[in-house]
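Accompanying notes for the structure given below.
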């Protein structure tokens, strides 16, 4: 899966959790939790969904590397490429 | 015969609209089984039956809006013989129920045509807010349509209903409950370390959130402070034998609901996490059950994720206490004369002074603190 496909997947998972969010309005370098009003349960569900779809393990210690859309895509691309 | 009535899902609920029956006359029904879906200010609620038997009669039809307490169905309990049908029209049953509500202010009969009332209900507009222009002030279909045109559409209507429901409950609380407030700061360092180590060995699906540790600590503490776990009803305190923790869950688009995790003191952290996730998911998709909304014996609200450090909560009547948690933050903290950086969190108690006093409230918060210092035993 390339970066573009991972970005699309991340956006799909985010809008699945927050259906009111317009994907084009997501600012790629702004904190996702603040921007989309994700609480820790939303964020955990987001991690679970990505882990399942990409078949990668995302430890809790790596959450801080997934704070923005861009950071999320970069980090996940790295995890996928190491598989 | 048992009467299945429109439940009161909180102090703010006055009426509900039947969306669908999930059982037909003659069907068997077990205690706890969902038999109807009802639309309320809190969304669509799955209503459970509180007796085991056979559905004898369904007394209202989908689309009917009736006050809390109205008999919706008759359930023939196990071992009972069938009885002749109760041919009481829905209008008469509603009027009977309204007249039973002796505590409620007198109901002034509204001059509104049946068509206009039906349209107003379908649009979520309270007919009492409509200015009638017909003969003698009667509300016409045109009046409803004109009012609807001036109100926001779509989710706005639902949001307004939720806001109105919250307004009623909070106004009642502040008017009737003499609150007292206590606060303390809890060292969460042990808890957060234990949680990080525990989650390290778990897949994402099995991970815990620190919120479930707060729920468990409150639930266990309530065993020793039963006066904070219950209701103020008919002028006296009533303690609950069950510890059902209501969780304030914010809804996307505004508003909140506070459904319960039943018997929270008896659940493991994993069971609490599963129940917590399930409740949040169903609260936000509008699929809560009646018992979850009517059964909380205390409420927890946690606003730490919004950056709030201290919560001064308002009790949800008829409950008698609410516990608030703020954000976990790093602070300089001295232990045995040694200063270090610790993770700490402010906890607060809002309690009904008719039922408990500050001394017991303070001991309750102190016990929650002690329980959180030994997370492995939660």
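Per residue of peptide A:41-53, the mean number of Cβ atoms on other chains within 10 Å of the residue Cβ is 4. Averaged over the residues of B:280-292, the number of partner chain Cβ atoms lying within 10 Å of the residue Cβ comes to 1.
Extending 7 Å from the Cα toward the beta-carbon at both residue B:366 and residue A:60 defines two label points whose distance is 3.0 nm. Between residue B:78 and residue A:15, the modelled labels are 5.1 nm apart [label points 7 Å from Cα along Cα→Cβ]. Placing pseudo-labels 7 Å out from each Cα toward the beta carbon at residue A:82 and residue B:30 gives an inter-label distance of 4.7 nm. Once the C-beta distance of residue B:357 and residue B:251 is scaled by a Förster radius of 60 Å, the resulting FRET efficiency is 0.95 to the nearest 0.05. As a calculated quantity, the FRET efficiency between residue A:3 and residue B:237 at R0 = 56 Å, using C-beta atoms, amounts to about 0.40. Given R0 = 35 Å, the distance between the Cβ atoms of residue B:331 and residue B:174 translates into a calculated FRET efficiency of 0.65. Taking the number of Cβ atoms within 10 Å of each Cβ as an exposure proxy, the fewest-first ranking of A:82, B:23 is A:82, B:23. As a proxy for reagent exposure, ranking B:184, A:68 by other Cβ atoms within 10 Å from fewest up yields B:184, A:68.
Highest average first, the peptides B:260-271, A:25-36 ordered by how many other beta carbon atoms sit within 10 Å of their residues are B:260-271, A:25-36.
Take each residue in A:61-72, count the other chain C-beta atoms within 10 Å of its C-beta, and the mean is 0. Ranked by the mean number of other Cβ atoms within 10 Å of their residues, highest first, the peptides B:303-316, A:11-24 fall in the order B:303-316, A:11-24.
Across chain A, C-alpha contacts under 8 Å between residues 6 or more apart give a mean separation that, scaled by the residue count, equals a relative contact order of 41 percent.
Quick note: the coordinates plus some simple rules give every number you see, no bench work behind them. Being a predicted model, the structure only gives us computed values, none of them experimental. We place every Cβ from the backbone using ideal geometry, glycine too, and count neighbours over all the protein chains shown.
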